[in-house]
Amino acid sequence: MDLRVELQRFRDELPIEAASTPPASWYTRAEVLERETETTFRDSWQYVCPSDRVAAPGSYVRVDIVGDSYLVLRDRAGVLRALSNVCRHHAAQLLEGSGCVEKLVCPYHGWTYDLDGSLRSAPNMGALKDFNRARFGLPQVPVEVWGPLVFLHPGRPARALAQELAPLAKRLADFGMDGLRHAHRRRYPIQCNWKVFCDNYLDGGYHVGHLHKGLAGQLALSEYRTELFERFNVQSCPPARDAHFRGRDFRERIGAGALYAWIHPNLMLNRYGPILDTNWVVPLGVDRCEVVFDYWFAETEGEDARRFIEASLEASDDVQQEDVAICESVQRGVSSRSYDTGRYARTETGMYQFHRLLAKELRGPE
């Protein structure tokens, strides 16, 4: 495959009514994922974890982003840092999972680092010529807290995250973001390219009436709309005036309406009444990804709150199981010989924005 030719086949200069979707190769060829790794994912803010997981001094979370491993931690002075999780000696990874530590000790040869990333000790290395410990600290990358979320940037950000997402913060403020507490994390392994899941999310509600019939009965889908911003978009929909229930009652998830925000390239925020959940799409291979869901609620204490959280999680899982099945079906379809490109529906402006941003990054400077 000639990667340059495949990238140029997508005509991003056309209006949406004349445009075709990216060719199937974007979803099935390892060369495309390798290019995304070096461009899109290294040049964008990436979600890490809920902020309360790294609130205390010494608390840390390990996060892996397309081949690179980081430790996001709070040092003893209270400074939040994002450090490389790779020892500077022989490249062993320092920590797994999450927890609380006083120092970072390599499990291989015992090299020890302070929580600010500086090298504290390197056993049996002191007599080496030209060994300067100050030069062997752990590399750091930018990290920011935005609302209840933590992000890092693997490269050099063009601007601060807060500046990039300022218009979105104003929209979310209408729902009230203060006081939300993280209550649950759930993982969905999916046999599909990471972009298939994003495409499904970004179709402007097109699939909801057909695939999510329980949810559709409680949304005014005729009033569904999508707003485009520079590197994110917002989909919103009010509740149905005469809601009907097919299967599960989704009132726990809808309340006074739904707002769905997508942040390029792989994070979604879903806001309903007293609930926030995030969908973080993690590529695991050209035809595999994992979608990590984090859930926040305004109330988490007491029996009423427990019942509300359980009902909301069950309703969310119903929708996600339907999405998992259709995304895996799509991946099988784009991998077949009978499919090359498709067309956009008029509601799929968010999807077209995603593909345009991606094409610009994959092609690089003109």
Calculate the dipole size of the chain relative to its Cα centre from +1 charges on Lys and Arg beta carbons and -1 charges on Asp and Glu beta carbons; express the result in debye to the nearest 20.
700
Which Rg and Dmax, in Å, describe the Cα atoms of the stretch 46-152?
13.9, 48
If one compares the long axis through the Cα atoms of helix 303-334 with the longest principal axis of the Cα atoms of the chain, the angle in degrees, nearest 10, works out at 80
Return the FRET efficiency for the residue pair residue 339, residue 363: r is the Cβ-Cβ distance, R0 is 25 Å, and the value is rounded to the nearest 0.05.
0.65
Quick one: Debye curve from the C-alpha atoms of the chain, no solvent, what's log10 I(q)/I(0) at q = 0.06, 0.08, 0.11 Å⁻¹?
-0.25, -0.45, -0.82
Evaluate the relative contact order of the chain (contact order divided by residue number), counting alpha-carbon pairs under 8 angstrom at least 6 apart; express in whole percent.
21
Provide 268, 125, 1, 351 in ascending order of the number of other Cβ atoms located within 10 Å of each residue's Cβ, fewest first.
1, 125, 268, 351
Where trypsin sites (Lys or Arg not before Pro) fall in DSSP loop in the stretch 136-204, at most 11 other Cβ within 10 Å:
159
About its Cα centre, what dipole magnitude does the stretch 46-152 give when the only charges are +1 on Lys and Arg Cβ and -1 on Asp and Glu Cβ, stated in debye to the nearest 20?
320
For the chain, with the dipole built from +1 on Lys and Arg beta-carbon atoms and -1 on Asp and Glu ones, taken about the Cα centre, which of 267, 189, 73 lies farthest toward the positive end?
73
Name the most mobile residue of 193, 279, 124, meaning the one with the largest mean-square fluctuation, in a Gaussian network model of the chain with Cα contacts below 10 Å.
124
Relative contact order (%) - criterion: Cα under 8 Å, at least six apart; region: the stretch 46-152
27
Full-extension gain between residue 356 and residue 325, please, as 0.36 nm times their residue separation minus the C-alpha to C-alpha distance.
8.5 nm
How do 65, 309 rank when sorted from fewest to most other Cβ atoms within 10 Å of their own Cβ?
309, 65
Pairwise label distance in nanometres, residue 13 with residue 178, each label 7 Å out on the Cα-Cβ vector
5.0
Using a simple charge model, +1 on the beta-carbon of Lys and Arg, -1 on the beta-carbon of Asp and Glu, nothing else, what dipole does the stretch 293-356 show about its Cα centre, in debye to the nearest 20?
780
Report, in degrees rounded to the nearest 10, the 0 to 90 angle that the Cα long axis of helix 349-363 makes with the longest principal axis of the chain.
40
Label-to-label distance, nm, for residues given as residue 303 and residue 158 (7 Å Cα→Cβ offset)
5.5
Once amide hydrogens are built 1.01 Å from N within the peptide plane, the residues lying 5 or more places from residue 137 or on another chain with amide H under 5 Å from its amide H are 119
Give the residue list of GluC sites (Glu not before Pro) in the stretch 1-92 that are DSSP loop and have at most 11 other beta-carbon atoms within 10 angstrom.
13
Please build a GNM for the chain, connecting alpha carbons under 10 Å apart, and tell me which residue among 107, 148, 239 fluctuates the most.
107
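Where a number appears in this text, it was derived from the coordinates with a stated rule and is not lab data. Please read these numbers as outputs of a predicted model, since none were measured by experiment. Note: ideal-geometry Cβ built from the backbone for every residue, glycine included; neighbour counts use all protein chains shown.
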